[in-house]
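The values are calculated or read from the model by the stated rules, or taken from the named source; none is laboratory data. Just so it is clear, the structure is predicted and the values come from calculations on it, not from any experiment. For accessibility, only protein heavy atoms count, side chains too; no ligands or nucleic acids. Shrake-Rupley method; radii C 1.70, N 1.55, O 1.52, S 1.80 Å.
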Amino acid sequence: MRASTPKARVGNGDPLEAVTDAWDPKRYDEIVVSTLPLKFSKWMHAGLPERIAKLTGAPITHIVSQPPRPEAPTQPPPPHENAGVMMGPLKVMGWGGHK
């Protein structure tokens with residue numbers, strides 16, 4: 001008989017409730033917890049990995065992800081010497097010094 005691969009599923013928004021609902025020590029041998037760094041994570045301030053370990057007695061693998069980087073500042077392009085002059089499709093005909 002072939003062992004089935006665990007499937008992903010959406011759980012409760014509270015991670016402790018989600019673990020309580022999904023944890024089955026007969027099916028799983030560890031729990032993976034992913035959080036933002038302590039500076040950004042309310043769950044880390046609440047001691048989530050330690051609380052899950054205490055609740056289940058399971059080994060916990062804690063992955064610290066990185067918050068998204070802020071967008072790089074942008075600025076408009078520098079003004080062009082021919083600003084405001086529209087370039088028509090035949091304008092390229094004069095590029096070779098021929099007028």
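Observations, loosely collected:
- Heavy atoms of Thr74 accessible to a 1.4 Å probe, total area in Å² rounded to 10: 130 Å²
- Cα-Cα pairs of segment 1-72 separated by more than 14 Å (percent): 66 percent
- Portion, in percent, of the accessible area of segment 4-55 that falls on carbon or sulfur, probe 1.4 Å: 55 percent
- For Arg51, the accessible surface of its heavy atoms amounts to roughly 110 Å² (probe 1.4 Å, protein chains only, rounded to the nearest 10).
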